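The values are calculated or read from the model by the stated rules, or taken from the named source; none is laboratory data. Fair warning: this is a prediction, and the values are worked out from it, not measured in the lab. FYI the Cβ positions are ideal-geometry reconstructions off the backbone, even for glycines, and counts take in every protein chain you see. Calculation scope for accessible area: heavy atoms of the full protein, side chains included, ligands and nucleic acids excluded. Shrake-Rupley method; radii C 1.70, N 1.55, O 1.52, S 1.80 Å.
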Amino acid sequence: PFYIPRQDCNTSLVRACWNELFTLGLAQCAQVMSLSTILAAIVNHLQNSIQEDKLSGDRIKQVMEHIWKLQEFCNSMAKLDIDGYEYAYLKAIVLFSPDHPGLTSTSQIEKFQEKAQMELQDYVQKTYSEDTYRTCSPESGNGKHGAEEKQNSQRTQPQKVVIWDLLLVAETF
């Protein structure tokens, strides 16, 4: 049985990772919401803002970079054809990160995250045992060295997209 964190801990967890949860939710609903149309409207608005001198060039560049990263992330998730169960596990992994500042009960939170990671691995192995592109290895995305290693392997195998690396991208929003 797992200890259920206090309400203030729950709130702190969500506040600390709302952007990652939002990004995963957006990727999950991108097709239904016509995300590309929404992002195109934002780009159009930015172009109008340039003409009217409402935003600085640096700010527009920053927003455009975020839009591009968001679109790339959503496209990568769509290529993987992540199902609802996988999204739920990914959201749990993001939510139960003991790395957020100011949290208490970090050892219990870490146990929740480890459990979600193991269950995601089990689910993927059972459901997609024949799919060699669905790689779930927590070691692949942890730390700078792991990310560099994956980046190098993706240069040699551009079709292979790893869920853990995509989560690293989601953290940048």
(request) Give me the distance in nm between label points sitting 7 Å out from Cα along the Cα-to-Cβ direction at residue 123 and residue 56, one decimal. (result) 4.3
(message) I'd like to check one number: the per residue accessible area of segment 8-133, probe 1.4 Å, reported in Å² as a whole number.
(response) 62
(request) Order the following by accessible area, largest value first: 106, 37. Probe radius 1.4 Å; ligands, DNA and RNA are ignored. (result) 37, 106
(message) Under 20 Å between alpha carbons: how many lysine pairs meet that in segment 17-109, if sequence neighbours fewer than 8 apart on the same chain are excluded?
(response) 4
